[in-house]
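Asks: Pasting in a structure now, in structure tokens, and then I'll have a few things to ask.
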Amino acid sequence: MSLVIRNLQRVIPIRRAPLRSKIEIHLKAGEFPLPDFPDDYNLGDIFLGVEYIFHQCKEDEDYNDVLTVTATHGLCHLLGFTHSTEAEWQQMFQKEKAVLDELGRRTGTRLQPLTRDLFGGS
């Protein structure tokens, strides 16, 4: 990442040092890291385009259900799951299904994981 400061005389580029040293962590999908510091418990961010998701909902779909399923999909990505191959997709699909089944058991809802055709394997 770099920062550019502009003033009336000239543009001054400033190279920024990485905030943390390069850390290599080798985890399998679904394994949790053991952080050294409380701040390291943050897995990352999930950004949902709620307006886009709202417009993509079909007439028979509940917006809150679709939002919950999409957030679960994002959480699986933060946990290291991907869907670049069929095998990876199946593993991620099973994890999403397990999370949504548990959520459904606790809330009395019945949520289904996202289907592969929505993402085209990307």
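Asks: Which residues, counting only those in segment 67-76, are open to solvent by less than 30 Å² (accessible area, probe 1.4 Å) and either of a type in the set (A, V, I, L, M) or free of Cβ contacts under 8 Å to residues at least 12 places away in the same chain (or both)?
Replies: V69
Asks: Same structure again: Considering each residue of segment 77-97, count those that are surrounded by 13 or more Cβ atoms within 10 Å (Cβ to Cβ), aliphatic (A, V, I, L, M) and part of a helix (DSSP H, G or I), and give that number.
Replies: Here the count works out to 1.
Asks: Of (1) modelled with pLDDT of 85 or more; (2) in a loop (DSSP other than H, G, I, E, B), L103 satisfies all except one. Which?
Replies: The number of the failed condition is (2).
Asks: When you go through I25, I5 one by one, which is the residue that is at pLDDT below 85, within 27 Å of E88 (Cα to Cα) and among the β-branched types (V, I, T)?
Replies: I25
Asks: Additional query: Counting only residues that are open to solvent by less than 70 Å² (accessible area, probe 1.4 Å) and touching a helix residue (DSSP H, G or I) at 6+ places or on another chain (Cβ under 8 Å), which one in segment 27-45 is nearest to V99 (Cα to Cα)?
Replies: Top of the filtered list is G30.
The values are calculated or read from the model by the stated rules, or taken from the named source; none is laboratory data. What you see is a predicted model, and the numbers here were worked out from it, not measured in a lab. No Cβ is skipped: glycine too gets one built from the backbone with ideal geometry, and neighbour counts run over all protein chains shown. When the accessible area is computed, the model is the full protein with side chains, heavy atoms only, and any ligands, DNA or RNA have been set aside. Shrake-Rupley method; radii C 1.70, N 1.55, O 1.52, S 1.80 Å.
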